[in-house]
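Read-outs throughout are calculated quantities, based only on the coordinates presented, and are distinct from any laboratory measurement. Quick caveat: nothing in here was measured; it's all calculated off a predicted structure. A quick note on method: Cβ atoms are made from the backbone with ideal geometry, for glycine too, and the neighbour counts reach across all protein chains shown.
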Amino acid sequence: MLYFNMSFTFLFLCFLIWVGTKSEAAPTYLYHNCTNTTTFTPNSVYQTNLNHLLSFLSSNSTREFYNATAGQNPSTSVHGLFLCRGDVNATACRDCVATATKDALQKCPMEKENIIWYDECQLRYSNRSFFGTVDVLPRIALINTANITDPVRFNGVLNTTMKAASAEAANGGQKKFATKDAYVSGFQRVYCLVQCTPDLSAADCSRCLTNATERLHRFSDRQGARVLFPSCNVRYELYPFYNQSVSPSPSPSPSPSPSTQPTPSSPKGKSKISTGTIVAIAVPIAVSVLLFILGYYLIVRGAKKKRNAGKPENEPQQPAFFIPTETDMTMKGLEFDQSGSNAVPLSVNDVSITELYPR
């Protein structure tokens, strides 16, 4: 009977893990922009190149970042990239890019330029080459509707933390991603995230993040905000919205082994507790603890999904709306020094694919 209970508990634990895996949230759509009025003709060479480009990007979606060009003729070639948030895993990145490649064509079916943002990734393509160039348009700002109680102190902490994160992202290597958190007051902390597309130089990344942070400070009296540029993005919240690195918990002190303790002879008529009995008692307790932790995790995640729906406007956990005036419908942004690149031609179904900054 004991072994049956243990087996049932184990199977139930596996079922909960399976349910948690199957209920992974779909990529969270934020915004898109069909950035100009130039369109292509159905079944044209441009559309063929675009389809091959999106397929090629999707097939490389575990790389976190990738850019490529489809087509040899400048008048019909398509340039595109995707960028996954620096803290998401390969599976989430792949799922987000796969969703983006489908949604992009649905939301902008005939436009030659398009950019689409999700919480986990972004994807853009154009008939012009934009690799290694800072683009700050189109842009979108998402803000939380709840106010900060002490904006003066908060702004000082936020500014310092954002600067530190931006410097780390710009100079921290190829990934160009950083997160920072800082104490504000009481039990309050601020959590910041910054990221550039890795094809930018350190100087260009720094300039882009500076521009985005300046716009972010327009909303620094709010409990959360983010600014999305094509070339970089910044965000802060009062809760940890990114995947923090968790240090391993210290192992509990091991129970004394029966073999290391002198075992007195049991008097007649009294039975001693065997090792098997101890294990039989300890294992169900341990499994029950794991079940409790897993159940708590699923409940918290479910609650977070409901918050992410943005229904209650006074909750600080998710930006409740975006500011339409922050949306610019033109793609012509600031262009700083362009970075050089070595092109590697690849042949894909007679359509030339050129990948820049291969990783």
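Based on C-alpha pairs under 8 angstrom that are at least 6 apart in sequence, the stretch 42-132 has a relative contact order of 28 percent. Once backbone amide H atoms are built at 1.01 Å from N, residue 28 has 119, 120 as its partners under 5 Å, excluding neighbours fewer than 5 places away on the same chain.
Could you state the number of Å between the C-alpha centres of the stretch 209-239 and the stretch 81-133? Between the Cα centre of the stretch 81-133 and that of the stretch 209-239, the gap is 20 Å. R0 = 25 Å: FRET efficiency of residue 202 with residue 242, Cβ-based, nearest 0.05? Between residue 202 and residue 242 the formula returns 0.70.
Within the shell defined by Cβ-Cβ distances under 12 Å, the residues around residue 188 carry a net charge of -1, with Lys and Arg each +1 and Asp and Glu each -1.
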